[in-house]
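The values are calculated or read from the model by the stated rules, or taken from the named source; none is laboratory data. Since we're looking at a predicted model, the values are computed, not measured. Quick reminder, even Gly has a Cβ in these numbers, built from the backbone with ideal geometry, and neighbours come from all protein chains shown. Each accessible area value is taken on the protein alone, full model and side chains, heavy atoms only, with ligands, DNA and RNA left out. Shrake-Rupley method; radii C 1.70, N 1.55, O 1.52, S 1.80 Å.
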Amino acid sequence: MSLRFHWFLPTSGDGRDIVGGGHGVAVGAAGAIRPPSVRYLGQIARSAEQLGFEAALTPTGTWCEDAWLTCAMLTEVTERLKFLVAFRPGQISPTLSAQMASTFQRQSGGRLLLNVVTGGETAEQRAFGDFLSKDERYERTGEFLDIVRRLWRGETVTTSGNKHLNVEGARLARLPEPVPEVYFGGSSPAAGPVAASHADVYLTWGEPPEAVAEKIAAVRARADQYDRELRFGIRLHVIARASEEEAWAQAQRLLDGLDPQQIEKAQAIQRASQSEGQARMVALHGGRTDSLEVYPNLWAGVGLVRGGAGTALVGSHQQVADRIAEYHELGIDEFILSGYPHLEEAYVVGEGVLPELARRGLLAAPQQPTLPQPVAA
């Protein structure tokens, strides 16, 4: 099976250093020097499109620009790139969400993918007016996706027995074409049933292969109970260079650019997080800066100041391709990648790593932009 590769849109800002933020860590904790304007994000999106990435993930939270609005604007400066829009069910009704997705598909030519984020930080959820507990949020996500999928099938939906979300006579005037694929991640026990019954793609942050294999096995077993098959994806940063030495030198430069006080503050916030996935990221390094290669070519330095996905593949183009192939052997078919800064690193990955994977038969050759033909004299 040919692998699918996606890039990332830094809607909290970008820079040549690690940009802190997310999961309770304030924006600007480190590195943000390029504002996330539509003009700059458009540069990244167009570059990702030309380099052969299929889609771009846009995050959600108080620390970044709104994903729905930003991606809708970016459809006007791109042609083929899909947008993996992250959003939280607790902030929007299921009927309105289903309608928005349908509209997005028509107006963009079918370029919407959805990343459903339950929300792991209680304080941030309350800032949005959401006072449910973590397990209740997962229950609500399941009810939300059940309603949305029924609407997408063209049903008129009335519910009365749900604990959190009920609708009466809900229907869509126009159905989405195609129906957006649903991406979902979560490491806590409450996430398993939601992923198994509603997701198309289960996402994990970049943990060592053994831990990823355990997650895949657990979610796959759950999905079997619902007679469903899921695909699996992973979210990773990448520091790839022509040689291993150059890649690790860049990782060290990023590490040297972090203020110890910023690291300490960010780690205190992350250790207090209710997110099981965040706890697993913190456990990889424990706040230390002297033992960050947690598996060959897997570096946990990004997570010192950045909440959420905190690991990077570091090495030569061939070594990064090796690790991607290793994850693929476990069952990972989709890779959401990023690097600092996101514009320049898209080219490093797109021109170095993706062609290497294509040579190995793991990826269709990236589609090249159409160039104007010279006019005969």
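The table that follows gives values for the structure above.
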read-out	value
Checking L41 against (1) touching an Asp or Glu at 6+ places or on another chain (Cβ under 9 Å); (2) open to solvent by less than 10 Å² (accessible area, probe 1.4 Å); (3) free of Cβ contacts under 8 Å to residues at least 40 places away in the same chain; (4) within 27 Å of L145 (Cβ to Cβ), the condition it does not meet	(4)
All positions within the stretch 250-274 that are among the small types (G, A, S), surrounded by 14 or more Cβ atoms within 10 Å (Cβ to Cβ) and out of contact with any His (no Cβ under 9 Å at 6 or more places or on another chain)	A251, G257, A266
Selected residue (only one of V194, V167, V179 is assigned to a helix (DSSP H, G or I) and aliphatic (A, V, I, L, M))	V194
In the stretch 271-291, the residues that are in a loop (DSSP other than H, G, I, E, B) and over 20 Å from S133 (Cβ atoms)	G286, G287, R288, T289, D290, S291
One residue from R235, R222 being over 21 Å from G308 (Cβ atoms) and of a type outside the set (F, W, Y)	R222
From the options T204, T159, residue that is of a type in the set (S, T, N, Q), open to solvent by less than 50 Å² (accessible area, probe 1.4 Å) and part of a strand (DSSP E or B)	T204
Selection count where residues are assigned to a strand (DSSP E or B) and farther than 16 Å from Y183 by Cα, scope the stretch 78-123	0
Residue within the stretch 289-297 that is free of Cβ contacts under 8 Å to residues at least 60 places away in the same chain and closer than 30 Å to R46 by Cα present	yes
Close pairs from the stretch 317-338: first over 21 Å from R306 (Cβ atoms), partner outside any strand (DSSP E or B) and open to solvent by 40 Å² or more (accessible area, probe 1.4 Å), Cβ under 8 Å, at least 6 apart	H317/A242; Q319/E244; A321/R360; A325/R360; G331/R220; D333/M1
Test for T122: is it over 26 Å from the mean Cα position of the chain (by Cα) and not small (G, A, S)	no
Test for S187: is it over 30 Å from D322 (Cβ atoms) and either buried (at least 21 other Cβ atoms within 10 Å of the Cβ) or of a type in the set (S, T, N, Q) (or both)	no
Only one of E121, E136 that is open to solvent by 40 Å² or more (accessible area, probe 1.4 Å) and within 16 Å of E276 (Cα to Cα)	E136
Qualifying positions in the stretch 317-344 - farther than 30 Å from R271 by Cα and open to solvent by less than 10 Å² (accessible area, probe 1.4 Å)	A321
Pairs with Cβ under 8 Å, 6+ apart, first in the stretch 125-140 and farther than 19 Å from S197 by Cα, second aromatic (F, W, Y) and exposed (fewer than 13 other Cβ atoms within 10 Å of the Cβ)	Q125/F131
Failed criterion for S2 (all others in (1) surrounded by fewer than 22 Cβ atoms within 10 Å (Cβ to Cβ); (2) among the small types (G, A, S); (3) touching a Phe, Trp or Tyr at 6+ places or on another chain (Cβ under 9 Å) hold)	(3)
Members of the stretch 147-162 found to be among the basic types (K, R) and in contact (Cβ under 8 Å) with a residue 40 or more places away in the chain, listed by number	R149
